[in-house]
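Have a look at the structure that comes next, please.
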Amino acid sequence: MSRRVVSGEIPAGELWLKPGQVAARAGVAVSTLHYYEQFGLITSRRTAGNRREYRRDTLRLVAFIRASQTLGIPLARIKAALDDLPHDRPPTRRDWAHLAGTWRADLDRRIDALVALRDNLAGCIGCGCLSLTACPYTNPGDVLGHDGPGPRRLPRLD
């Protein structure tokens, strides 16, 4: 039985993948897919036998989610970005380029913060000064400690 493929289209039977297939291809556990779905990052459909199936383009979404998590981006921020992608069809190259453009400033800010942390880590952990009580340079008398625990001058990234 041959499959008819028209102009680069994926055969209809291969558009939908079982959770185990997506998990194996994406390098995640099936429970991770269920978690992402529960969080609203990906969607599935149910078969007549009430089994989940994921659209093939879910593989790209999972790759994006995993790469973003590796960079420390919170799932809520990832979800907000994915919410801007179309849900009725697989995202196009243009859709992904738009998403990348909207994230550029945030990623640049994160890079700048990481470079500053790297460059200042040995001398002063973001000042507040965590457990130091008297930084003679930028926190004399631990004035920043009155604002609460933790570093006070490191920007929040989430």
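The values are calculated or read from the model by the stated rules, or taken from the named source; none is laboratory data. Here the structure is a predicted model, which means the values were calculated and not measured. Ideal geometry is used to build each Cβ from the backbone, glycine not excepted, and the neighbour counts take in all protein chains shown. To get the accessible areas, we keep the full protein, side chains included, count just its heavy atoms, and leave off ligands, DNA and RNA. Shrake-Rupley method; radii C 1.70, N 1.55, O 1.52, S 1.80 Å.
Just one of the numbered conditions (1) at pLDDT below 85; (2) exposed (fewer than 11 other Cβ atoms within 10 Å of the Cβ) is not true of Pro155; which one?
Only one criterion is unmet by Pro155, namely (2).
Kindly provide the set of residues from region 17-57 that are of a type in the set (Ser, Thr, Tyr), surrounded by 15 or more Cβ atoms within 10 Å (Cβ to Cβ) and closer than 24 Å to Thr92 by Cβ, ordered by number.
Of the residues in region 17-57, the ones of a type in the set (Ser, Thr, Tyr) are 31-32, 35-36, 43-44, 47, 54.
Retained after the next criterion (residues that are surrounded by 15 or more Cβ atoms within 10 Å (Cβ to Cβ)): 32, 36, 44, 54.
Within region 17-57, Tyr36, Ser44, Tyr54 qualify.
From Arg118, Arg66, Arg60, Arg94, which residue is in a helix (DSSP H, G or I), surrounded by fewer than 11 Cβ atoms within 10 Å (Cβ to Cβ), modelled with pLDDT of 90 or more and among the basic types (Lys, Arg)?
On the way: Arg118 fails: modelled with pLDDT of 90 or more; Arg66 fails: surrounded by fewer than 11 Cβ atoms within 10 Å (Cβ to Cβ); Arg60 fails: surrounded by fewer than 11 Cβ atoms within 10 Å (Cβ to Cβ).
Answer to the selection: Arg94.
Would you please name the residue that is nearest to Glu37 (Cα to Cα), looking only at residues in region 74-90 that are surrounded by 12 or more Cβ atoms within 10 Å (Cβ to Cβ) and either of a type in the set (Ser, Thr, Tyr) or touching a residue at least 40 places away in the same chain (Cβ under 8 Å) (or both)?
Lys79
I need the full set of residues from region 22-67 which are more than 17 Å from Ile78 (Cβ to Cβ), charged (D, E, K, R) and out of contact with any Pro (no Cβ under 6 Å at 6 or more places or on another chain), in order please.
Arg25, Arg45, Arg46, Arg51, Glu53, Arg55, Arg56
Would you mind telling me which numbered condition in (1) modelled with pLDDT of 90 or more; (2) under 19 Å from the mean Cα position of the chain (by Cα); (3) not in a loop (DSSP other than H, G, I, E, B) Gly20 fails?
Evaluating Gly20 over (1) modelled with pLDDT of 90 or more; (2) under 19 Å from the mean Cα position of the chain (by Cα); (3) not in a loop (DSSP other than H, G, I, E, B) leaves (2) as the failure.
Right, something else. Would you be able to say whether some residue in region 80-92 is of a type in the set (S, T, N, Q) and in contact with a helix residue (DSSP H, G or I) (Cβ under 9 Å, 6 or more places away or on another chain)?
Applying the first criterion (of a type in the set (S, T, N, Q)) to region 80-92 yields 92.
Then drop every residue that is not in contact with a helix residue (DSSP H, G or I) (Cβ under 9 Å, 6 or more places away or on another chain), which leaves none.
No: zero hits.
Now, a different point. Quick test for you: out of Ala81, Ala105, Ala113, pick the one residue that is within 30 Å of Ser44 (Cα to Cα) and either at pLDDT below 65 or not in a loop (DSSP other than H, G, I, E, B) (or both). Steps first, answer last, please.
Numbers: Ala105 fails: within 30 Å of Ser44 (Cα to Cα); Ala113 fails: within 30 Å of Ser44 (Cα to Cα).
Exactly one residue qualifies, and that residue is Ala81.
Separate question: Going by the conditions given, is Thr133 of a type in the set (S, T, N, Q), at pLDDT 85 or above and either open to solvent by 70 Å² or more (accessible area, probe 1.4 Å) or in a helix (DSSP H, G or I) (or both)? Give the derivation first.
Working: of a type in the set (S, T, N, Q): yes; at pLDDT 85 or above: no; either open to solvent by 70 Å² or more (accessible area, probe 1.4 Å) or in a helix (DSSP H, G or I) (or both): yes.
Against the criterion (of a type in the set (S, T, N, Q), at pLDDT 85 or above and either open to solvent by 70 Å² or more (accessible area, probe 1.4 Å) or in a helix (DSSP H, G or I) (or both)), Thr133 does not qualify.
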